[in-house]
Amino acid sequence: MGDIKKAVAIGYKEESMDAPTILASGKGFVADNIIKKASEEEVTVYEDEKLVDELIDVEIGREIPDKLYELVSKVLVFIEEVDKKAQKQQNS
């Protein structure tokens, strides 16, 4: 039997949030829909099974746990760099 797919959506706006916040999370069909919506909205998807396992039980609307700040900040910086490169390629 295969593993059940899991997904967590994180949002962070420096000007209005103290820390990254869980926007959506789910398993199975819900995870598929989160990933599909991200794709439709051209949101970069980052896969990290261990990180998802840590975040999946955090209540939607809550900030990420303090112990994950450093790891999540690295992910957000990576995603920002990927997005900037993609935008630069689109504009050239």
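The values are calculated or read from the model by the stated rules, or taken from the named source; none is laboratory data. Please read all numbers here as calculations on a predicted model, not as lab measurements. All Cβ positions, glycine included, derive from the backbone under ideal geometry; neighbour counts span all protein chains shown.
Structure data summary
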read-out: Which listed residue is closer than 14 Å to A19 by Cα and surrounded by 11 or more Cβ atoms within 10 Å (Cβ to Cβ), from V72, V52, V82; value: V72
read-out: Some residue of the range 2-9 being under 12 Å from the mean Cα position of the chain (by Cα), exposed (fewer than 10 other Cβ atoms within 10 Å of the Cβ) and assigned to a loop (DSSP other than H, G, I, E, B); value: no
read-out: Qualifying residue in the range 32-50 (condition: under 14 Å from the mean Cα position of the chain (by Cα), among the aromatic types (F, W, Y) and more than 18 Å from K6 (Cα to Cα)); value: no
read-out: The range 73-86 residues that are in contact (Cβ under 8 Å) with a residue 24 or more places away in the chain and at negative phi, paired with ones that are part of a helix (DSSP H, G or I) and surrounded by 12 or more Cβ atoms within 10 Å (Cβ to Cβ) (beta carbon under 8 Å, 6 or more apart); value: V75/L51
read-out: Among the candidates E63, E59, residue that is modelled with pLDDT of 90 or more and exposed (fewer than 10 other Cβ atoms within 10 Å of the Cβ); value: E59
read-out: Residues of the range 19-48 satisfying the condition of being touching a residue at least 12 places away in the same chain (Cβ under 8 Å) and of a type in the set (D, E); value: D32, D48
